[in-house]
1. Any idea how many residues of the range 58-115 are touching a helix residue (DSSP H, G or I) at 6+ places or on another chain (Cβ under 6 Å) and surrounded by fewer than 17 Cβ atoms within 10 Å (Cβ to Cβ)?
2. Answer with yes or no whether residue 129 is buried (at least 18 other Cβ atoms within 10 Å of the Cβ), modelled with pLDDT of 90 or more, more than 21 Å from residue 35 (Cβ to Cβ) and not assigned by TED's automatic domain parsing to the domain that holds residue 37.
3. Can you spot a residue in the range 201-215 that is surrounded by 15 or more Cβ atoms within 10 Å (Cβ to Cβ) and in a strand (DSSP E or B)?
4. Quick one: which of 152, 168, 190, 195 is at positive phi, modelled with pLDDT of 95 or more, crowded, with 16+ Cβ neighbours inside 10 Å and out of contact with any helix residue (DSSP H, G or I) (no Cβ under 6 Å at 6 or more places or on another chain)?
5. Are any residues in the range 132-144 outside any strand (DSSP E or B) and either outside the structural domain of residue 183 (by TED's automatic domain parsing) or within 12 Å of residue 111 (Cα to Cα) (or both), and if so, which ones?
6. Checking the structure you have, find out if any residue of the range 44-55 is within 30 Å of residue 139 (Cα to Cα), exposed (fewer than 12 other Cβ atoms within 10 Å of the Cβ) and outside the structural domain of residue 134 (by TED's automatic domain parsing).
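The values are calculated or read from the model by the stated rules, or taken from the named source; none is laboratory data. Computed from a predicted model, the values in this text were never measured in an experiment. Counting neighbours? That spans all protein chains shown, and the Cβs are built from the backbone with ideal geometry, glycine included.
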């Protein structure tokens with residue numbers, strides 16, 4: 001604010017805080033929200049990333065592939081290009097979601113080659129996943145973010161090649177473990193961080209298998 005006044009912009013101070021202006025500028029991708037609406041081509045109910053009041057014609061993706069034929073418009077040099085473009089855009093159909101080769105993944109977007117997934121976004125080649133973002137080649141992952149080649153995990157973040165584990169952050173090749181941070185090639189560990197090639201650790205303390213099982217059961 002002080003700098004704006006110093007350089008002569010004091011009379012045009014923004015009414016919205018910078019962080020909120022940044023959010024407005026970045027809100028170009030309609031993710032995270034799904035809407036019940038009608039297909040503007042068939043009138044049938046669909047689940048779409050576009051709201052019912054979207055100014056574009058929204059068609060179910062299959063209809064869009066088969067029948068979409070965008071209209072043409074002659075250019076009038078005496079009228080603003082952007083006005084003419086906006087008028088044309090509002091007549092051009094768009095698909096209701098962005099996906100490819102999915103089965104039973106109606107409540108997803110930017111999700112591809114997957115099966116039986118729910119509320120997942122920006123991922124591919126996954127199966128039986130829920131509440132995921134940016135997941136690739138995953139199976140039975142729930143609450144995953146940037147998770148890859150993993151299976152049977154819950155709350156998996158920025159982790160790869162993990163199996164049957166809970167609450168992992170920045171881990172690789174971790175199995176049968178929980179509450180782990182920055183661990184590599186570990187199994188049967190709990191509450192650990194920065195471990196490499198370890199098994200049967202509890203709170204970064206090495207235990208025997210019998211001691212670990214006893215501590216785990218407490």
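1. Adding up the residues that qualify gives 1.
2. Against the criterion (buried (at least 18 other Cβ atoms within 10 Å of the Cβ), modelled with pLDDT of 90 or more, more than 21 Å from residue 35 (Cβ to Cβ) and not assigned by TED's automatic domain parsing to the domain that holds residue 37), residue 129 qualifies.
3. Looking through the range 201-215, at least one residue is surrounded by 15 or more Cβ atoms within 10 Å (Cβ to Cβ) and in a strand (DSSP E or B).
4. One residue alone meets the criteria, 152.
5. 134, 135, 137 - these are the residues of the range 132-144 that are outside any strand (DSSP E or B) and either outside the structural domain of residue 183 (by TED's automatic domain parsing) or within 12 Å of residue 111 (Cα to Cα) (or both).
6. Yes - at least one qualifying residue is present in the range 44-55.
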